[in-house]
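Working notes, beginning with the structure itself.
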Amino acid sequence: MMEPSAKPQPAAIVIFGASGDLTQRKVVPALFNLFLDGLLPEKFSVIGVARKPMSDDEFRKRLREGVDKFSRRGRAADADWQKFAANFHYRAAAYDDAGAYGSLAEQLTQLDKSWDASATRIFYLATPPSVFETVAGQLGRAGLYKERQRARIVVEKPFGRDLASARSLNKSLGRIFSEPQIYRIDHYLGKETVQNILAFRFANAIFEPIWNRRYIDNVQITVAESIGIENRAHFYERTGALRDMVQNHLLQILCLTAMEPPVAFNADEIRNKTVDVLRAIRPIPREKVREFAVRGQYGEGKIGEKIAPAYRAARDVAPDSATETFAALKLFIDNWRWQGVPFYLRTGKRLAQTVSAVGIQFRPVPHQAISYCSVGDWRQNCLMIHIQPEEDILLSFQAKQPGPIMCVSPVDMRFCYHEAFQTPTPEAYETLLLDVMEGDATLFMRADQVEAAWSVVTPVLESWESERPKDFPNYASGSWGPESADALLAKDNHTWLSPSIGLGAKKADLKS
Ligand code: BG6
């Protein structure tokens, strides 16, 4: 979260895993957009490192293809691209080749000399997690961690696959880099609409007084995707929805929704407050996991007009796979603010719609003085924060229908990003990369946060691993998940709010 009009110091960015998907799809398009917006330092250099032999030109060509395909601005203009790409270089090396790190160190020293500056050095691990420790260890041996003010390491998710492995990775990184040098990415925190949860709550006086158990009945966080697992079977088969989405993205959204007001807007303060939430989450007893957690796997179904095949039919997925592609949890936060308020979380692949939203359902009125003639359509007040693809906030409340009798029905008040600000939204990676250059770790996970988040999901992971699901596949592609997810809420007399509340109304607005 950069200060307006600031421009970062000269920077040398070393991307490990430079020939991979993430570099091409996310990291370099984000850098290019920062460049076009004039937000990159005047002096910057990107050194790509990966095992695959490639010339600088081949590397640049591959990156350009990525930008043309994945950048939010579409195809790059030639002149812009040439200027940008001239700063990119490639080194083919094995990740455990000590010599390669020695010559990398020399290259970085040369850059400093030619710029006459002590450039920020960013080591970005866009590699498979299996080599995180190797690369960090080699950077350590080459002494590249030493200048703590300017050397930073960026670690992609997944950060561990359970509490024990996350702890051990934290320990290994911590032997070389100090905590403020480590930037653990959860790209959801880079999304504008996710950060806006903080602005909404803490830059306004009217919501905070009702943001608690006295007024809020339940909170629902949905991150639904209509895509399947694409070509990621190898990764997904050993990961599943709980590790892939809940341990990180959904729990972070929960933290921002539930945290106490920060005293200041700085990295440690925000992260202290979010870690407090994670620690206050009531542990799910191993033997009661069924009461609090639901898993699912998609079978064949229809998304729009298209037939979508079952998860088990995807290439490289075991025909009897037990991997969950859907997870839902009910959590309680044991503190004064939230005692007794259920937080329902759900995420899944191949669901009916791609939509991420936080729904805050308020308590019903204590006494209904008005006789509701449209009882069927009556709704409790609800605040729906749409994170994506729609970026808006809706408050639904009851209004009197026009006419001689007192009749109420629900209506929506809506704030829409694009209409209010009329500027394009940056991609999460743009925000996050700029923050790393600036040395602002507010939107990155601290070691204790990652571990606390793993602790929350551990009983569920262990229980699911110890018992094969008998009913997989248990939801059709194109549905909202297994019936057991509805039953999870029905037990409490709740139902899932449709995350598309208000979207219908909006379309009608646009037409009129
Ligand atoms: C990633 C997961 O972290 O987030 C993917 O590994 C998922 O499985 C993706 O599709 C969703 O991100 P976004 O930004 O498209 O919502």
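The values are calculated or read from the model by the stated rules, or taken from the named source; none is laboratory data. Quantities reported herein were computed from a predicted structural model and do not represent experimental measurements. No Cβ is skipped: glycine too gets one built from the backbone with ideal geometry, and neighbour counts run over all protein chains shown. Just the protein is used for accessible areas: all its heavy atoms, side chains included, with ligands, DNA and RNA removed. Shrake-Rupley method; radii C 1.70, N 1.55, O 1.52, S 1.80 Å.
A few notes on this one:
- Accessible surface, 1.4 Å probe, highest first, among residues ASP112, ASP97, ASP471: ASP471, ASP97, ASP112
- Between the beta carbons of ARG214 and ALA105, assuming R0 = 60 Å, the FRET efficiency works out to 0.55 to the nearest 0.05.
- The share of Cα pairs per 20 Å bin across the chain, counted from zero up to the longest distance, runs 21, 53, 24, 2, 0 percent.
- Spacing of the two label points (7 Å from each Cα toward its C-beta) at ASP57 and HIS367, in nm: 8.3 nm
- Prolate/oblate/rounded label for region 386-510 (Cα gyration tensor, a/c 1.5): oblate
- Estimated D of region 378-448 in µm² per second, where Rh is the Kirkwood radius over Cα pairs and Stokes-Einstein applies at 20 °C, 1.002 mPa s: 136 µm²/s
- In plain terms, the bigger the Kirkwood radius, the slower the diffusion; for region 56-116, with that radius from Cα pairs, at 20 °C and 1.002 mPa s, Stokes-Einstein puts D at 157 µm²/s.
- Multiplying the residue separation of GLU179 and GLU462 by 0.36 nm and removing their Cα-Cα distance gives an extension gain of 99.0 nm.
- Along principal axes, Cα extents of region 1-131, largest first, whole Å: 39, 34, 27
- Based on the convex hull around the alpha carbon atoms, region 1-76 presents an average projected area of 5.4 nm².
- With R₀ fixed at 30 Å, the C-beta to C-beta distance from GLU269 to ARG72 puts the FRET efficiency at about 0.45.
- Using θ = phi - 60° in the Karplus curve 6.51 cos²θ - 1.76 cosθ + 1.60, the 3J(HN,Hα) couplings for region 143-157 round to x, 7, 9, 5, 7, 4, 5, 10, 8, 9, 10, 10, 10, 7, 7 Hz; x is entered for Gly and Pro.
- Structural descriptor for the chain: relative contact order 18 percent, calculated from alpha carbon pairs under 8 angstrom and at least 6 residues apart.
- Of the residues ILE303, ILE13, ranked by 1.4 Å probe accessible area with the largest first, the sequence reads ILE303, ILE13.
- Carbon plus sulfur fraction of accessible area for region 8-107, probe 1.4 Å, in percent: 47 percent
- Reduced Cα scattering model of region 118-241, Debye log10 I(q)/I(0), q = 0.12, 0.13 Å⁻¹: -0.69, -0.78
- Per-peptide packing, taken as the mean over residues of other Cβ atoms within 10 Å, places 148-159, 165-176 in the sequence 148-159, 165-176 from highest down.
- A full extension of the chain between ALA199 and ARG279 corresponds to an added length of 26.5 nm, given 0.36 nm per residue minus the alpha carbon distance.
- Only Lys, Arg, Asp and Glu carry charge here, each on its Cβ (+1 for the first two, -1 for the last two); on that basis region 16-119 has a dipole of about 440 debye about its Cα centre.
- Note on exposure: ARG72, ARG363, ARG271 ranked by accessible area (1.4 Å probe, complete protein assembly) read ARG363, ARG72, ARG271, with the most exposed listed first.
- Counting heavy atoms of the protein chains alone, GLU269 has an accessible area of about 30 Å² for a 1.4 Å probe.
- Per-residue ³J(HN,Hα) for region 218-234, Karplus 6.51 cos²θ - 1.76 cosθ + 1.60, θ = phi - 60°, Hz, x for Gly and Pro: 7, 10, 10, 10, 10, 10, 9, 10, 8, 6, x, 9, 6, 9, 10, 4, 4
- Placing a label point 7 Å from the Cα of GLN380 along the Cα-to-Cβ direction, the residues of region 465-501 with a backbone N closer than 17 Å are 486-499, 501.
- For the pair SER168 and ALA86, the difference between a 0.36 nm per residue extended length and the Cα-Cα distance amounts to 25.6 nm.
- Options GLY48, ALA453, HIS494, ranked by Cα towards positive dipole end of the chain, top entry (Cβ charges): HIS494
- FRET efficiency, 1/(1 + (r/R0)^6) with R0 22 Å, evaluated for LYS146 and ASP96 via beta carbons: 0.60
- Rounded to the nearest 20 debye, the dipole size of the chain about its Cα centre is 380 debye, using +1 on the Cβ of Lys and Arg and -1 on the Cβ of Asp and Glu.
- When nucleic acids and ligands are ignored and a 1.4 Å probe is applied, SER103 ends up with an accessible area of around 40 Å².
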